[in-house]
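First up is the structure itself, then whatever we jot down about it.
Here, each number is a calculation from the coordinates, and none is a lab measurement. Given the structure is predicted, the values throughout are model-derived calculations rather than measurements. Neighbour counts are summed over all protein chains in view; Cβ atoms, including those assigned to glycine, are modelled from backbone coordinates with ideal geometry.
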Amino acid sequence: MALSEAAIDLFCEHGVEATRVEDIAASVGVTPRTFFLHFPTKHAAAFPDHEERVQSFIASLDELSAVEHPIEALKQTVLAGIRTITSSSLRRKRYQLLRSIPEFAGIDIVHDLDYEAAIIDHLTTPASNSGPVSADEMFAARNTASSILGLSRSALTTWAEFPDFDPVRAIEEGLDALLLKPSECR
């Protein structure tokens, strides 16, 4: 995480192209070789814990689904993730970079596909043997997943630009408008 924080700080200060791996490594007192033990490229340092966060998201969905309706579990998990993101000044800096560096925005969008897949799986895995998922149910799950991720991306990039903006409130209101209430589900 120290390497990631240093990379993001240097990217913000000097730009990505002007920042060398040697600069990142030196700022935390390690060698470039050590940097490459953790990250395949300097760009990857801006996204240090993606796999862990996705696995945590899936685990939270699974855990909450045992006691909550799948829609409520999804809402609670998304909001918990947004609260975690917005509690970090490092993540605010990273979202500021996403606005200014198209390559980083692209990486972030590709990473969102992992969350999208998790949401789709969550919404289409039947709690009982209710049969295979229909085309309409799959469409609804895909639409819901992509809408949640678009809503989240919009709120977080706005939060990066406007410090007084409350992305948790915005996402909670958006989820309330987007998601059916458990009583409205089949």
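Look at the dipole of the range 40-186 built from charges on Cβ: of HIS43, TYR115, LEU61, the Cα furthest out on the positive end belongs to HIS43. A value for Rg and Dmax of the Cα atoms in Å was derived from the coordinates, and within the list (i) 28.0, 90; (ii) 16.2, 47; (iii) 18.5, 57 it appears as (iii). Considering only ALA105, ALA145, VAL133, the residue lying farthest towards the positive end of the dipole of the range 49-184 is ALA105, judged by Cα position with unit charges set on Cβ.
Exposure proxy shown here: for TYR115, TYR95, the number of other Cβ atoms within 10 Å sets the order, fewest to most, as TYR115, TYR95.
Each stretch of four or more DSSP H residues adds -39500 (n - 2.57); spread over every residue of the chain, this sum gives -23500 deg cm²/dmol at 222 nm. Each Lys and Arg adds +1 at its Cβ and each Asp and Glu adds -1 at its Cβ; summed about the Cα centre, the range 2-45 shows a dipole of about 200 debye.
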